[in-house]
Amino acid sequence: MRSSPLIPSLALLLALPLGGCGERVDYEDPDAATLVDDAFNDTDMKKLADKMTQSMMASGVFAEGQAKKPVIKVELVTNRTNEHVDIKSMTDKIRTGIARTGRLEVVDETARQTLPEEYEYQASGNIDPATAKGPGRQIAPDYLLRGDLAGEVHESKYQKTRVIYYKLTLQLTDVSRNVLVWTDDDEIKKVRRK
């Protein structure tokens, strides 16, 4: 019985994609800048969030060694750009930076949504009453941190240039007096030339 020359050729064709044209994935330093395109990216987010957190903490509003740590509520940053930006991650980065300083207590906004259910469960009789927690004991924030991320894109068709600009503005309000006690902004400008 004679074998067809088509069978070894077909086997060779099927084996080619498996042998050499694979992708490679490596770990990278998360603090290293990686530009894939000109869109808002993780490097931009880290730079803006870190600089703004440092600015607020250095402003003198929160003196070190206070007898009682001030309480702050960090609200979700508003995305006023025309592109998708993971605003929750940016807000989390700012909140984490503030918490790491150890100079403020941070309201857990996410837990506020689930605490009523937890209080109800603890009051159901399934929890030792001596350890049960209930409503009415949460701490109100002394300060409210709000912010906006704005962006603009300018293109020149003739010069084949694209300028991308981002600005993060944060504002800290003293809740008891409704007074803006700190505000700052930071900017990123990218230029893409073809």
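The values are calculated or read from the model by the stated rules, or taken from the named source; none is laboratory data. Quick caveat: nothing in here was measured; it's all calculated off a predicted structure. A quick note on method: Cβ atoms are made from the backbone with ideal geometry, for glycine too, and the neighbour counts reach across all protein chains shown. Heavy atoms of the whole protein, side chains included, go into the accessibility calculation; ligands, DNA and RNA do not. Shrake-Rupley method; radii C 1.70, N 1.55, O 1.52, S 1.80 Å.
Here are the numbers for the structure shown:
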| item | result |
| --- | --- |
| Some residue of the range 76-95 being crowded, with 16+ Cβ neighbours inside 10 Å, over 27 Å from Lys190 (Cα atoms) and in contact (Cβ under 8 Å) with a residue 24 or more places away in the chain | no |
| First in the range 173-184 and over 16 Å from Val71 (Cβ atoms), second anywhere and open to solvent by 50 Å² or more (accessible area, probe 1.4 Å), Cβ under 6 Å, 6 or more apart | Leu180/Gln171; Thr183/Gln171 |
| Where Lys69 falls short, out of the listed (1) touching a strand residue (DSSP E or B) at 6+ places or on another chain (Cβ under 8 Å); (2) open to solvent by less than 30 Å² (accessible area, probe 1.4 Å) | (2) |
| Strands (runs of 3 or more DSSP E) (entirely within the range 100-194) containing at least 2 residues that are within 30 Å of Asn82 (Cβ to Cβ), among the basic types (Lys, Arg) and open to solvent by 40 Å² or more (accessible area, probe 1.4 Å) | 161-174, 179-193 |
